[in-house]
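Rule-based calculations on the coordinates, nothing more; no lab input. Quick caveat: nothing in here was measured; it's all calculated off a predicted structure. Using ideal geometry, Cβ is built from the backbone for each residue, glycine included, and neighbour counts are taken over all protein chains shown.
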Amino acid sequence: MKLIDSHAHLTFDEIANSLDDILHRSIGAGVTGWLTIGTDTEHNKKVVSIIDMYENLYGAVGIHPHYASKTTEADIELVKELAKNKKIVAIGETGLDFHYDFSKQNDQINLFEKLLQIAADCSLPVIIHSRDAFDKTMEIIDNFGSKLPKIVFHCWGGTAEQTQIVLDRGFYISFTGVVTFKNAAQTRESAKIVPLERMMLETDCPYMSPEPIRKQKINTPALMIYTAQKIAELKNMPLEKFAHQVTKTTEKFFNLPTN
Ligand SMILES: [Zn+2]
Ligand SMILES: [Zn+2]
């Protein structure tokens, strides 16, 4: 079996300190490819420094909306520069987080637009983080019109109606271990309506450990197997077949080699 973790933070200390070990366990569990996602200048640099160490490891560079208010022009220039690396396959994460509002909403909007412009200029797919900001996120994306390349909403937790809006636009949806949580009936309903040609899986590790090991503090890519099992079950499909199809979708979306 071959699964790809489309959104992991392998540069965060909890994981980076034992990366070799964690990726070996991941391969043993059938999760054999990874995208490590940048969140600020420090981690964007780290992402680029580790992607050449493993064959099936790719990266994305971006700036999380949490840091919008302290982002400088130099931080944005660096994203542009690092995006030229062959193993950087997306811009992200980027978007709006009005749940925490760690940065002023206007700063978040400005930063989001700048990063979308970079994605448009270098024709890279975009990994969107959107929390309690769905309408504004869609409005900004819509303003870019056809200039934008492919879009995925990561760590999806939207309503069935929002899921349908995203699908109607031709965008993609990525699910974390949240789909296994007892109180996440809405996310399971979404998973049922997202076709596998538009679906990806992710851990968002070191956060979001799935059930039945939700209490295990540090999530790792190996644990994505529980998320895959849960959605295969919701889709009434054998795990192998499900894994094959979402992996195909992920490879196509990020233009990964299909070795
Ligand atoms: Zn996120
Ligand atoms: Zn993330």
- request: Would you point out the residue of segment 112-137, among those that are among the aliphatic types (A, V, I, L, M) and away from ligand 1 (no atom under 13 Å from the Cβ), that is nearest to Ser6 (Cα to Cα)?
  value: Leu124
query: Of the conditions (1) more than 16 Å from ligand 1 (Cβ to nearest atom); (2) surrounded by 22 or more Cβ atoms within 10 Å (Cβ to Cβ); (3) not charged (D, E, K, R), Ser69 fails just one. Which one is it?
result: (2)
- prompt: Pick from segment 19-43 the residues that are of a type outside the set (Gly, Ala, Ser) and assigned to a loop (DSSP other than H, G, I, E, B): which of them is nearest to ligand 1 (Cβ to nearest atom)?
  reply: Thr39
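Any idea which residue in segment 44-58 is nearest to ligand 1 (Cβ to nearest atom), counting only those that are over 18 Å from Asn17 (Cα atoms) and touching a Leu at 6+ places or on another chain (Cβ under 9 Å)? Quick ask: steps written out before the conclusion?
The initial filter retains those residues of segment 44-58 that are over 18 Å from Asn17 (Cα atoms), namely 55-56, 58.
The next check asks that each one be touching a Leu at 6+ places or on another chain (Cβ under 9 Å); those that pass are 56, 58.
Details: Asn56: 22, Tyr58: 17 Å.
Looking at residues that are over 18 Å from Asn17 (Cα atoms) and touching a Leu at 6+ places or on another chain (Cβ under 9 Å), I get Tyr58.
Would you please name the residue that is farthest from ligand 2 (Cβ to nearest atom), looking only at residues in segment 1-18 that are closer than 12 Å to Thr36 by Cα and not in a strand (DSSP E or B)?
Of segment 1-18, the ones closer than 12 Å to Thr36 by Cα are 4-12, 15-16.
Cutting the leftovers down to not in a strand (DSSP E or B) gives us 9-12, 15-16.
Working: His9: 6, Leu10: 11, Thr11: 11, Phe12: 10, Ile15: 12, Ala16: 15 Å.
Result: Ala16.
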query: Can you name the number of the only condition in (1) in contact (Cβ under 8 Å) with a residue 24 or more places away in the chain; (2) in a helix (DSSP H, G or I); (3) not acidic (Asp, Glu) that Leu96 fails?
result: (2)
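Have a look at Phe175, Phe112, Phe102, Phe153 and point out the one that is within 17 Å of the chain's Cα centre (by Cα), within 16 Å of ligand 2 (Cβ to nearest atom) and under 27 Å from Glu73 (Cβ atoms). Step through it out loud before you land on a result.
On the way: Phe175 fails: under 27 Å from Glu73 (Cβ atoms); Phe102 fails: within 17 Å of the chain's Cα centre (by Cα); Phe153 fails: under 27 Å from Glu73 (Cβ atoms).
That would be Phe112, the only listed residue that is within 17 Å of the chain's Cα centre (by Cα), within 16 Å of ligand 2 (Cβ to nearest atom) and under 27 Å from Glu73 (Cβ atoms).
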field: Those residues of segment 213-228 which are surrounded by 15 or more Cβ atoms within 10 Å (Cβ to Cβ), out of contact with any Phe, Trp or Tyr (no Cβ under 7 Å at 6 or more places or on another chain) and either among the hydroxyl-bearing types (Ser, Thr, Tyr) or free of Cβ contacts under 8 Å to residues at least 24 places away in the same chain (or both), in sequence order
entry: Thr220, Tyr226
